[in-house]
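**Student:** Got a structure here, written out as structure tokens. Questions coming.
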Amino acid sequence: MKTPIPKIISSIAMCSLIIASLGQSGLSQQAVPAKETTPKKAAPTRKAKPAESPAAPGWLSINIVRVKADMLAEYQDFAKNETIPALQKGGVKQREAWGTGVFGEAFEFVYVTPIDSFAQYDSPGPIVKALGEEGARAYGAKARRLIVSSHTYAVQTRPDLSLMGNMSTPKLAVINSIRVVPGKGPAFESLLKTDILPAVKKAGATNYFVSQTVFGGDPNEYVTVTPMDSFAEIGKGSPVVRGMGGQAAFNRWLAKVSGIIASQERTVGRYLPDLSFPTPAKAENK
């Protein structure tokens, strides 16, 4: 069964949040070594370097909005000048926006916000908090006039299956949506650790992010995100393929995963700073 394109695109936006949250966690684990206090005559001892534990998984809300083609300009103005102020007033501190980067579904926007706690959904949403019940109804009526559909997912980041480097929000991202045969999740995760991540490292990539759909979609779906700075970089080919030694070697690997991976689908996403808050520059200056 083919994976719906909107879900594939939804994973694009989470990559920059993963970069920010997990990257900071990784830096915090690099403790400064204590000054040597052992007496000079004492025999030197070697202590094993403690293994760094991967950052804890995080939760993200992914909202995919498909806009009416003839309402595109009006929707962008609405998202920038009405939605962002209302969300901020309602207590949302961060939201990132992505759109299709040539290859994927047109007129689609993806918004990502961190989930601090699922208990937050027991209270009125930020639009209601900001505008009140009546104002929220008017807001919703205007939004419905501009869009075709809206779908929200809850996804969990998988830092234990990811390669984390230090970087800012990328301009583009290549997303691979992978549907695993039910019951084969552990086998697929093992292949990620033993085959995929070493190949990505060998190709020289510093970031490769993995997440898993939990609510609102297929729980057998894993999404990998490879940040890119340009289409020219994308044109060099997948770091997984290059790290495995080329297409022929990669094809042999695909035969190896037969019966584990049901399907794959790739697309490209583009970061939209005008519809995001805070922008990366503002976030860094805080």
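**Student:** Taking the solvent-accessible surface of protein heavy atoms with a 1.4 Å probe, what is the per residue accessible area of the stretch 140-286 in Å²?
**Tutor:** 48
**Student:** Just add up the charged neighbours of Pro239: K/R +1, D/E -1, any other residue whose Cβ is under 12 Å from the Cβ of Pro239.
**Tutor:** +3
**Student:** Then there's this: Once phi is turned into ³J(HN,Hα) by the Karplus curve 6.51 cos²θ - 1.76 cosθ + 1.60 with θ = phi - 60°, what whole-Hz value does each residue of the stretch 132-140 show in order, with x for glycine and proline?
**Tutor:** Couplings: x, 4, 5, x, 5, 5, 5, 4, x Hz.
**Student:** Now for a separate question. Starting from the stretch 132-170, pick out the trypsin sites (Lys or Arg not before Pro) whose DSSP state is loop and whose Cβ has at most 13 other Cβ atoms within 10 Å.
**Tutor:** In loop regions of the stretch 132-170 (DSSP not H, G, I, E or B), there are no sparsely surrounded trypsin sites (Lys or Arg not before Pro).
**Student:** Can you compute the label reach from Asp195? Point 7 Å from Cα along the Cβ direction, backbone N cut-off under 12 Å, restricted to the stretch 237-256.
**Tutor:** 241, 244, 249-256
**Student:** May I pose another question? Counting only protein heavy atoms and using a 1.4 Å probe, what share of the accessible area of the stretch 47-190 belongs to carbon plus sulfur, as a whole percent?
**Tutor:** C and S atoms contribute 55 percent here.
**Student:** Also, I was wondering about something else. What distance in nm separates the simple spin-label points at Asp122 and Thr206, each placed 7 Å from Cα in the Cβ direction?
**Tutor:** Result: 4.3 nm between the two label points.
**Student:** For Gly91, what charge total do you get from the other residues with a beta carbon under 12 Å from its beta carbon, if Lys and Arg give +1 and Asp and Glu give -1?
**Tutor:** Neighbour charge sum, excluding Gly91 itself: +3.
**Student:** Another question, if that's okay. Note down the net charge around Arg270, summing +1 for each Lys or Arg and -1 for each Asp or Glu among other residues with Cβ under 13 Å from its Cβ.
**Tutor:** Charge balance in the 13 Å sphere: -4.
**Student:** Assign one of three labels to the stretch 171-286, namely rounded, prolate or oblate, based on the Cα gyration tensor with a ≥ b ≥ c the square roots of its eigenvalues; rounded applies when a/c is under 1.5, prolate when it is not and a/b is larger than b/c, and oblate otherwise.
**Tutor:** It is oblate, given that a/c is not under 1.5 and a/b is not larger than b/c.
**Student:** List every residue whose amide H lies under 5 Å from the amide H of Ile261, counting only residues 5 or more places away in sequence or on a different chain, with H placed 1.01 Å from N in the peptide plane.
**Tutor:** Amide H neighbours of Ile261: Val181.
**Student:** To continue, here is another question. Quick one: accessible surface of Asp70, probe radius 1.4 Å, all protein chains present, in square angstrom to the nearest 10.
**Tutor:** 130
The values are calculated or read from the model by the stated rules, or taken from the named source; none is laboratory data. The model shown is predicted, which means the values in this text are computed figures rather than measured ones. Ideal geometry is used to build each Cβ from the backbone, glycine not excepted, and the neighbour counts take in all protein chains shown. With ligands, DNA and RNA removed, areas are computed over all heavy atoms of the protein, side chains included. Shrake-Rupley method; radii C 1.70, N 1.55, O 1.52, S 1.80 Å.
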